[in-house]
Structure formats: C-alpha cells, structure tokens
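For reference, the structure is listed below as structure tokens.
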Amino acid sequence: MNIEKLIILAIILAILTLGESKPEIVLINKGFSQYNVTNLSDFDDNLNATFAQLRDELNGGKYFATAEQPRGSNSAYAMVQCRKYLSSADCIACFTAAESLIRKFPPANGARLMYLGCFLRYESSKFFDQSTQEGRVASCGNQTASDATAFEIALSGLLADLQVATPKINGFFAANKRAIGESSSLEVYAIAQCVESINESGCRECLQVANGNVKTTRCLTSTAGWALDVGCFLRYSSTPFFADNQTTDITPFLKTGKPPNSLFTTLYLKCT
C-alpha cells in the first residue's frame, strides 16, 4: 500500500473515531453469590428469559427495566439500568457487554456488575425494592484539583443538592454542574441516579449513604470519583461527561416541600 492510500485510510479512521459511540463500558464493580442454585439448568433457562425481557425493554427506548421468571423452584429476577445521558444505542451496547461478562461468572444464584454507563444484576429471589446493602463502595482518582479548597466547596454543595433533589424527580435521575470559585470559569459536573423500583425515601436514604461514602473516602478534592450502592449511583468529574442540554434544573426540587405536579417531569434531554 502506497503512502497516499495510507494517509487516506488514516483520515477515514480518524473520522470514524470522532463519530464512534461511547457506551462507557468501564468496569467499576462486580460480585457474585457464594451459593449455587439447586438446578442450574432450570435457573439458566429462567435467567435467559429475563435477560431477553430486559433487552426488549431497552430496545423499546427504556433506560431502566426489571424482569422476572418465577417458574418452579429456580426463579430468576434481573434488573438493568443505564445512565440517562447515554444514547439509546449506547445503553443497549453497555447492556450487551454487561450480559456477556456476567455470564462468565461462576455459577451462582446471584451476581451483579457495574460499568460507568450501566449496571446489571440478577438474583434467585426478588430484590427490586432494595436501596442499600453492605458492600457499598466509593472511589476516586489520584489527581487532586488545582484549587482543592474551592473544588471541595463546589463539589460538596453540588452533591448535597443532588441528594435532596433527585429523589423528588420523576425517574430518579439528575445531572448538574457548578462553578468552582466565584470568578473561575472551571466547573464540576455530577449526576445522581436511583433505581426506579424503589420509593422516594429509599432513594433519599441511598444517596445519603453514597454521598457520605464520598466524604469518608476523602474524595472531595479529587478531580473525579463515584459512589454506588444497590439502589443508587453518584458520579462527578472536573471534565464534562454529559451535554449541556442534558442538565437538570434542580432548583424547584430544593425548596421546602414538593414542587407543583407540572414540575415532576425530569427536565433533561436525552441524546438520540
């Protein structure tokens, strides 16, 4: 191949790279039960059926879904959730990766894994109303913000507001950003999300625990971090990971009491 063709190929690859999807398939947590089901073949059949149901829901444009096959003594229950700033195609791609990996886990009656872009969980018993559980974690990068004090103040306030607002928002998802310092053009970006099968108080409790874990792991001066529990997820970064038109107006939800019903719709726009 001559040099001209190599140059043309490089340009084409660069263009394709700029337009490629970003389903955020970065593994941040995984685990599985130490107990096997009584009949693995029957359980696998039920699990396959629940995964197929989840995929159908995502193909229909949803970002959260549960499925169950309570047949026989080896029932299977499953749940998937994607971050709502992803496109529908990226959500499905994230689920596909999660399904592929979780099937490689040792045979067990329960397992879960989480990517930055989505999570997948299954159990032999119904778990959809769980909001917190032992094993919750928080993590942050090793890069400290240039103005650590101003960054911590901005991030702490933003996470506190998301903790208050998100449980009041239909769909339990909020994305927001905050300026760092009074005269700085720098910002910190964050999201909060709860599984949609728990109630408002469960979401509030979960985010309170997650926010507390961010603080206790001393992540508030790090330029990126996240915290998770079985019922919720927090993530923040000094660089944007969602678009400006996906930012949620959380101001009405920070007031005492609940906002009018007309405001109970999540004020974000999803990428398509």
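For the pairs LYS177/LYS215; LYS30/LYS84; LYS104/LYS177; LYS104/LYS215; LYS30/LYS215, flag any whose C-alpha to C-alpha distance is greater than 28 Å. Provide the component values of the computation, followed by the final result.
Details: LYS177/LYS215 18 Å; LYS30/LYS84 21 Å; LYS104/LYS177 38 Å; LYS104/LYS215 34 Å; LYS30/LYS215 22 Å.
Those over the limit are LYS104/LYS177; LYS104/LYS215.
The residue among GLY171, CYS94, GLY181 whose Cα reaches farthest toward the positive pole of the charge dipole of the chain, with charges on the beta-carbon of Lys, Arg, Asp and Glu, is GLY181. By the rule of a C-alpha distance below 12 Å, with chain neighbours fewer than 8 residues away ignored, the aspartates and glutamates paired with LYS255 are ASP161.
How about LYS22: which aspartates and glutamates have a C-alpha closer than 18 Å to its C-alpha, ignoring those fewer than 8 places off in the same chain? Result set, ordered by chain and number: ASP90, GLU99, ASP244.
Could you tell me which helices of the chain pass both thresholds, a Cα extent of 18 Å or more along their own axis and a mean Kyte-Doolittle hydropathy of at least 1.6, with helices taken as whole DSSP H runs?
On the way: long enough: 3-18 (23 Å, 2.59); 40-59 (28 Å, -0.66); 88-102 (21 Å, 1.23); 148-165 (25 Å, 1.29); 200-216 (24 Å, -0.54).
Helices meeting the span and hydropathy rule in the chain are 3-18.
Sorted largest first, the spans of the alpha carbon positions of the range 118-167 along the three principal axes are 48, 27, 20 Å.
If a/c stays under 1.5 just call it rounded; otherwise compare a/b with b/c (prolate if a/b is bigger, oblate if not). Do that for the range 137-263, with a ≥ b ≥ c from the square roots of the Cα gyration tensor eigenvalues. Verdict is oblate for the range 137-263.
Can you give the Rg to Rh ratio of the range 27-123, both from alpha-carbon atoms, with Rh computed by the Kirkwood formula? Walk me through the numbers on the way to the answer.
Numbers: Rg = 12.9 Å, Rh = 13.3 Å.
A ratio of 0.97.
In percent, rounded to a whole number, the relative contact order of the range 137-263 is 33, using alpha-carbon pairs under 8 Å and six or more apart.
For the chain, calculate the relative contact order in percent as a whole number, restricting contacts to Cα pairs under 8 Å that are 6 or more residues apart. Display every interim value, and only then the final one.
Working: 529 pairs, mean separation 48.5, N = 272.
In percent, rounded to a whole number, it is 18.
In the chain, the sites counted are GluC sites (Glu not before Pro) in DSSP loop states with at most 10 other Cβ atoms within 10 Å, and the longest stretch holding none of them, exclusive of the sites, is 21-133. Eigenvalues of the alpha-carbon gyration tensor of the chain, scaled by 5 and square-rooted, set the equivalent ellipsoid semi-axes at 31, 27, 18 angstrom, largest first. Comparing mean-square fluctuations of LYS255, LYS22, LYS84 from a GNM of the chain with C-alpha springs under 10 Å, the top value falls on LYS255.
Bear in mind these aren't lab numbers, they're just calculated from the coordinates by the rules spelled out. In this text the structure is predicted, and so the values were computed from the model without any measurement. Reconstructed Cβ throughout: ideal geometry from the backbone, glycine too, with neighbour counts over all protein chains shown.
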